[in-house]
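Step one of this worksheet: look at the structure below.
The values are calculated or read from the model by the stated rules, or taken from the named source; none is laboratory data. Worth saying up front: this structure is predicted, and the values here are computed from it rather than measured. Glycine also receives a Cβ, built like all others from the backbone with ideal geometry; neighbour counts cover every protein chain displayed.
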């Protein structure tokens, strides 16, 4: 069994996910690059290795039961455990998403990836995380999932998004349920908002870099024992619900 910290980042072939993988690798972790596209996954692994990161590829489509089960089996066979899971993979579903006109199928598709996909991956990896001395789970959320901020008059809360924004609210609520169930374990599970980063998720319109967007997740992935759990953070601290 490896003595290095073993991490898995979903959607890690590009953008914020890639930078999270790079950041964790820079701290000496062995990092699994979870991605469904084989070519992009291999390219990301090669780039990380060229930068000195101990990276390996993990074929992973968070919407596919069999694929997620196979990913867990791959990590178990190679390492016997998992120390850090970052659920980063996500989609917007495309815009516009006015609630009066949105196709319900778009909402189903977004929730399948952004919420059910997180549940699917987390549950598959939990047996491996339970073998870790200091297991950490980070779910990538967003301030657009904050009901407090969305309901505040005059706040710049992003576009109307009847699929994407509620999916992050849903994810926050699910994460709290995990925190409650796992409260008597050493597993810390928290949510991180990367901020409005320039990635292909938003057509590169964001004002922050993917490197900046990775900071909060990396901090939560490396929390000391006894750290917070079931909390919602960005770079500046706690985000209101």
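A compact table of results
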read-out: Count of the range 151-164 residues which are surrounded by 17 or more Cβ atoms within 10 Å (Cβ to Cβ) and either over 25 Å from residue 96 (Cα atoms) or out of contact with any strand residue (DSSP E or B) (no Cβ under 8 Å at 6 or more places or on another chain) (or both); value: 0
read-out: Matching residues in the range 63-97 - criterion: being touching a strand residue (DSSP E or B) at 6+ places or on another chain (Cβ under 9 Å) and within 18 Å of residue 145 (Cβ to Cβ); value: 86, 87, 88, 89, 90, 92, 93, 95, 97
read-out: Selection status of residue 226, modelled with pLDDT of 90 or more, at positive phi and assigned to a loop (DSSP other than H, G, I, E, B); value: yes
read-out: Per-region count, the range 171-222, residues over 17 Å from residue 236 (Cβ atoms) and modelled with pLDDT of 95 or more; value: 21
read-out: Within the range 102-143, considering residues that are farther than 23 Å from residue 11 by Cα and without any contact (Cβ under 8 Å) to a residue 12 or more places away in the chain, the one surrounded by the most Cβ atoms within 10 Å (Cβ to Cβ); value: 103
read-out: Pairs with Cβ under 7 Å, 6+ apart, first in the range 215-241 and free of Cβ contacts under 8 Å to residues at least 24 places away in the same chain, second in a strand (DSSP E or B) and crowded, with 19+ Cβ neighbours inside 10 Å; value: 238/232
